[in-house]
Amino acid sequence: QVREWKNEGSKRYMCTGRPGWLTVSLRVGKYKKIHKNIMINLMDVLDVDSERQVVRVEPLVTMGQLTAHLNPMGWTVPVVPELDDLTVGGLIMGTGIESSSHIYGLFQHTCVAYELVLADGSLVRCSPTENSDLFYAVPWSCGTLGFLVAAEIKMIPAKKYVKIHYEPVRGLQKICEKFTEESKKKENSFVEGLVYSLEEAVIMTGILTDEAEQSKINRIGNYYKPWFFKHVEKYLKADRTGVEYIPSRHYYHRHTRSIFWELQDIIPFGNNPVFRYLFGWMVPPKISLLKLTQGEAIRKLYEQHHVVQDMLVPMKSLEKSIQTFHVDLNVYPLWLCPFILPNNPGMVHPKGDEAELYVDIGAYGEPKSKQFEARASMRQMEKFVRSVHGFQMLYADCYMTREEFWDMFDGSLYHKLREQMNCKDAFPEVYDKICKAARH
């Protein structure tokens, strides 16, 4: 298809032909309508190499499919981002994170090679030792350097259960201290925080294990079970710590059934026990279905009165960040997920020369802040994130100007490669693809 596009005179930019409503991002990209759509129907797990401990997959393989395929073979991947429908391609070209990222980094940091079809129609493989510039430039590039056709991802042995410890913490300073302390411990397989108000949170730490106390097993993935964030809140309300054993796959997809807590805005009675028993098997509705059936008026309304954002900030700025989120948005719960950010080349790396501990703060829901106004409030948030050398996840609405965008992200390697590989006539720049200012 790419060669055909070349023969026709390379008149328009190319993009993948996957319809916008199918993606997990709430954004509906307008570029699909005007760019040359390249159909990439590659959705298979190609090879599980237990000797190298690497799985080779095509870009449309989803997280649900990957864990279902690997777990029975005794394997899993080190970072399993939350929602079943997230694809490997999206997690590499965009980004992905999970509560094991304080050990392994972002999803891209667990990949050992990519295969791409470039603008000239050639197929290349890149890794840290082969075409390394391209390897480091691909993550966060949103499909603007070439088309991903395969990826090799590290595997680790899977275990049956996650032994999870819930600890309610009160007082913002205490929350930040406890969360930072747990995130630094490599013996924790998983670390996650749910912040229910400015002064209240539950911090969870998990360890992978094959043994479990039968009486404490909780299969939270079953359709009739309470939504996970509501289950966690019980420990806060009762002000008690607790330990449970959750089957690994249930743990990996623990926020899937309630789309974190987004479902409470779509089906307010969704966590009612009667609803769960009778209709729990029907949720969550696919995000793609919600987008496909959503009219323009509803979409605009959503944009003005609803926030779905993930901001990645240095752990040392956590307290200041939560206060900023509280003032500008006032959305709760907030999701806290720690990750180690290695000092690799590419768009996203720490300010210094060392790997640094960062945290993803996820705000999903209806802002209760009196002065919330989508564009102004988000621009203020983006400015704050730039000031602490943080990053905004690019699946969400982004209101920055081009200059601000390249102030947040390091474009040096990215621009160099776009120049070298003649991408300028083949693909839009990442900013033009994702930012509101560029698309309106």
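The values are calculated or read from the model by the stated rules, or taken from the named source; none is laboratory data. Bear in mind the structure is a predicted one, so any value in this text is a computation, not a measurement. Using ideal geometry, Cβ is built from the backbone for each residue, glycine included, and neighbour counts are taken over all protein chains shown. For accessibility, only protein heavy atoms count, side chains too; no ligands or nucleic acids. Shrake-Rupley method; radii C 1.70, N 1.55, O 1.52, S 1.80 Å.
So, ASN218, is that one surrounded by 13 or more Cβ atoms within 10 Å (Cβ to Cβ), under 23 Å from the mean Cα position of the chain (by Cα) and farther than 29 Å from ASN330 by Cα or not? For ASN218, the condition - surrounded by 13 or more Cβ atoms within 10 Å (Cβ to Cβ), under 23 Å from the mean Cα position of the chain (by Cα) and farther than 29 Å from ASN330 by Cα - is not met. Scanning region 351-377 for residues that are out of contact with any helix residue (DSSP H, G or I) (no Cβ under 7 Å at 6 or more places or on another chain) and under 20 Å from SER99 (Cβ atoms) turns up ALA355, GLU356, ASP360, GLY362, TYR364.
This table checks each residue for (1) in a strand (DSSP E or B); (2) open to solvent by 30 Å² or more (accessible area, probe 1.4 Å).
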position: LYS159; (1), (2): no, yes
position: HIS165; (1), (2): yes, yes
position: VAL169; (1), (2): yes, no
position: LYS185; (1), (2): no, yes
position: VAL195; (1), (2): yes, no
position: ILE203; (1), (2): yes, no
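When LEU357 is tested against (1) buried (at least 19 other Cβ atoms within 10 Å of the Cβ); (2) under 19 Å from the mean Cα position of the chain (by Cα), only condition (1) is not met. Residues in region 320-328 include none that are outside any helix (DSSP H, G or I), hydrophobic (A, V, I, L, M, F, W, C) and buried (at least 22 other Cβ atoms within 10 Å of the Cβ). On the basis of being over 30 Å from GLU429 (Cβ atoms), modelled with pLDDT of 95 or more and assigned to a helix (DSSP H, G or I), does HIS231 make the cut? Yes, satisfied.
The set of residues from region 107-140 being touching a residue at least 40 places away in the same chain (Cβ under 8 Å), in contact with a Phe, Trp or Tyr (Cβ under 6 Å, 6 or more places away or on another chain) and open to solvent by less than 10 Å² (accessible area, probe 1.4 Å) comprises THR110, ALA137, VAL138. Taken together, the residues in region 284-296 that are open to solvent by 80 Å² or more (accessible area, probe 1.4 Å) and either modelled with pLDDT of 70 or more or not in a helix (DSSP H, G or I) (or both) amount to 3.
Can you find a residue in region 206-228 that is touching a residue at least 60 places away in the same chain (Cβ under 8 Å) and touching a Cys at 6+ places or on another chain (Cβ under 8 Å)? Checked region 206-228: no residue is touching a residue at least 60 places away in the same chain (Cβ under 8 Å) and touching a Cys at 6+ places or on another chain (Cβ under 8 Å). Within region 248-272, residues that are more than 23 Å from THR76 (Cβ to Cβ) sit with their Cβ atoms under 7 Å from residues that are hydrophobic (A, V, I, L, M, F, W, C) and open to solvent by 30 Å² or more (accessible area, probe 1.4 Å), at 6+ positions apart or across chains, in these pairs: PHE269/PHE275.
Taking region 330-420 as the region of interest, the helices (runs of 4 or more DSSP H) fully inside it that hold 1 or more residues being farther than 23 Å from GLY90 by Cβ and in contact with a Phe, Trp or Tyr (Cβ under 7 Å, 6 or more places away or on another chain) are 374-387, 402-408.
Would you confirm whether or not region 55-78 contains a residue that is part of a helix (DSSP H, G or I), surrounded by fewer than 23 Cβ atoms within 10 Å (Cβ to Cβ), at pLDDT 95 or above and β-branched (Val, Ile, Thr)? The answer is no; no qualifying residue exists. Close Cβ contacts (under 7 Å, 6 or more residues apart or on different chains) running from residues in region 378-399 that are on the phi > 0 side of the Ramachandran plot to residues that are at pLDDT below 95 comprise HIS389/LYS351.
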